[in-house]
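The values are calculated or read from the model by the stated rules, or taken from the named source; none is laboratory data. A quick note: this is a predicted structure, and the numbers were derived from the prediction, not measured. Neighbour counts run over all protein chains shown; Cβ positions are idealised from the backbone, glycine included.
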Amino acid sequence: MSAVVMKRSVRFIINPISGTRGKESIVRLIPEYLDAEKFQYDIVYTKCSGHAAQLAHEAADQGINVVVAVGGDGTVNEVARSLTHTPSALAIIPCGSGNGLARHLFIPINPIGALKILAECHIETLDYGLINEQPFFCTCGIGFDAFISQKFAEAGKRGLMTYVDNTLKQSLTYKPETYKISIDGQEETYEAFLIACANASQYGNNVYIAPAASMNDGLMDVTILEPFNLLEAPQVVVQLLNKTIDKNQHTRTFQCKQVHIHRNNPGVVHFDGDPMQCGTDIDVKLISHGINMVVNPKEQRLSLPIFSTFTDIYNNMQIEVDRLRSDIQTEVRQTNERIKRINNELLNKLKI
């Protein structure tokens, strides 16, 4: 008599409007890459900001084994913060503009690769952080990176080019601030362009603010980037991309479990790229081994997706076609709305 194999329960939480690609093509791939003899799954969709956190909390209460965030970094943060200190594990199918946590965990950015990692279901218990009690899983920051996160959120348009455009424009006029940083009773004063507290190594898009950061060492990596002149800016950008920012002459780095930061004026901070208004005092701490996550055990460090079969190539091409179709439909709808609005304005003027 053969033994009964217990299926793992999986819930996909899909944000239909976040990120940079459509999600329905991903939904069609799920039964192809999740073995029905090993997994049982269901799919729910978010309806508003904060809904992903609620859905993930319900999944954890129901004892779902794996909760999959399908969306951008904001969706991932919402799902993850509801799974801390529960048996349920976070998995990610990255659909955002940065995908910092997914990249750190070596989760492929293409959906088929991410589904294959989910199917392997290798789970590790990892660290996470808190900034003024707000959970973060990748990075949090004060200074220029927080300022840019606010500008990015206000832009309305997502994507790497929007982020780059904001960064280049604002970097020319941004003025560094002075901060008092306390660790274990030792206080130092720094003038800083930014202060990043990292649980993972990067912001997203392979921009490495803390190249040596680990999510299972019980420590966060703090990077202080002091002011630099315009001629040095290209070097800073290159070092952020090639994992050597910690070697820059304007960079100060250290590891700790907790840090207190004081600034002269209240303002914005960010957690996993989302802006948040805070006062003059900021407390950041690391929570060791507080969340289960599905990771890539092979740590395939390739930036380009590898497709093992022609079926994979076709499916990924179909995803891009669906995304383009969705983008075109959106543009057509917006154009029609603009035309309708202009016609209404002309009619109103004629009536006058």
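Determine whether A212 is within 30 Å of L126 (Cβ to Cβ) and either surrounded by fewer than 18 Cβ atoms within 10 Å (Cβ to Cβ) or free of Cβ contacts under 8 Å to residues at least 40 places away in the same chain (or both). Yes.
If you go through the stretch 71-121 one residue at a time, how many are closer than 19 Å to D35 by Cβ and of a type in the set (G, A, S)? Residues in the stretch 71-121 being closer than 19 Å to D35 by Cβ and of a type in the set (G, A, S): 5 in total. Going residue by residue through the stretch 77-84, is there one that turns out to be farther than 19 Å from P135 by Cα, charged (D, E, K, R) and crowded, with 23+ Cβ neighbours inside 10 Å? No, there is no match, as no residue in the stretch 77-84 is farther than 19 Å from P135 by Cα, charged (D, E, K, R) and crowded, with 23+ Cβ neighbours inside 10 Å.
Applying a threshold of 6 Å to beta carbon distances and a minimum spacing of six or more residues, or different chains, the list of pairs starting in the stretch 175-200 at a residue that is without any contact (Cβ under 8 Å) to a residue 40 or more places away in the chain and over 23 Å from Q134 (Cβ atoms) and ending at one that is part of a strand (DSSP E or B) and polar (S, T, N, Q) reads E191/T178. Restricting attention to the stretch 42-99, the residues being within 18 Å of the chain's Cα centre (by Cα), at pLDDT 95 or above, closer than 14 Å to F12 by Cβ and small (G, A, S) number 5. F254 falls short on exactly one of the conditions (1) touching a residue at least 40 places away in the same chain (Cβ under 8 Å); (2) more than 20 Å from G129 (Cα to Cα), and that condition is (2).
Taken together, G159, G141 contain a single residue that is within 21 Å of G279 (Cβ to Cβ) and either touching a helix residue (DSSP H, G or I) at 6+ places or on another chain (Cβ under 8 Å) or at pLDDT below 95 (or both), which is G141.
E191 meets each of the listed conditions (1) more than 14 Å from E177 (Cβ to Cβ); (2) over 24 Å from the mean Cα position of the chain (by Cα); (3) modelled with pLDDT of 95 or more apart from (1).
Out of everything in the stretch 1-20 that is surrounded by 22 or more Cβ atoms within 10 Å (Cβ to Cβ) and in a loop (DSSP other than H, G, I, E, B), what residue ends up being modelled with the lowest pLDDT? The qualifying residue modelled with the lowest pLDDT is G19.
Can you tell me which residues in the stretch 193-224 are of a type in the set (G, A, S) and under 18 Å from F271 (Cα atoms)? Steps first, answer last, please.
Taking the stretch 193-224 and keeping what is of a type in the set (G, A, S), we get 196, 198, 200-201, 204, 210, 212-214, 218.
Those that are of a type in the set (G, A, S) and under 18 Å from F271 (Cα atoms): A196, A198, A200, S201, G204, A210, A213, S214.
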